[in-house]
1. Residues that are under 30 Å from LYS44 (Cβ atoms): list the helices (runs of 4 or more DSSP H) wholly contained in segment 111-178 that include at least 1 such residues.
2. Taking the condition in a loop (DSSP other than H, G, I, E, B) and farther than 20 Å from VAL47 by Cβ, does LYS92 pass?
3. Any chance you could count how many residues in segment 38-87 are under 30 Å from THR127 (Cα atoms) and acidic (Asp, Glu)?
4. Could you grab the pairs with beta carbons closer than 8 Å, sequence gap of 6+ or different chains, first residue in segment 72-98 and touching a residue at least 40 places away in the same chain (Cβ under 8 Å), second one among the acidic types (Asp, Glu)?
Amino acid sequence: MPTKILHGDLGCTTFEAMELPEKMLLNDVLEKLYAFCAYQERCKQDVIKKLNKLEIPSKFHSDYLQHLEEEKFINEFRYADAFTRGKIRQNKWGRIKIKHALFQKGIPSSLIEEAFSSINEEEYLNTLKKVLMSKQKTLRQSDPRVVKYKLVQYAAGKGFESGIIYETLEEITRNLQP
């Protein structure tokens, strides 16, 4: 049977009775959210999904989000920055794919651009070069134009910008020119 609790206990101005699932107290919800956010950087959309999983009514989501922001458990810029760095270093993604993924997470474009400004360009270009060289080793084509086409397609699929793909390819495919 759900436990009734005053939502005002969260520190909000709305003092409505809140139905929490199966004897779950407000502190239990906060503890779960604190642990969820402390494990890794989270965005608001991640927290909303967690609240839905905990069966918290959506009318209270903004109050929880506000509380977590005030307590500095969530920060959209911090999330965008960590996401960007992680995807470049771990997944070898380019800016286009990262930007699209952050848009899907509901991150404002101003924060995305701010996170992109902290990207080390040399590291970014080295990542692209490693991606292209690694892919080139797996290709069994003898025609350099086919190899170049496949490398461009692969790097574009990873989200790298076409201009830097072609510049980097010039460096690593000189020996493939007809």
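Nothing in this text is a laboratory measurement; each read-out follows from the coordinates by a stated rule. The shown structure was predicted, so the numbers you read here are calculated from the model rather than taken from an experiment. Neighbour counts run over all protein chains shown; Cβ positions are idealised from the backbone, glycine included.
1. 121-138, 144-157
2. yes
3. Qualifying residue count, segment 38-87: 4.
4. ALA82/GLU41; PHE83/GLU41; GLY94/GLU161; ARG95/GLU161; ILE96/GLU161
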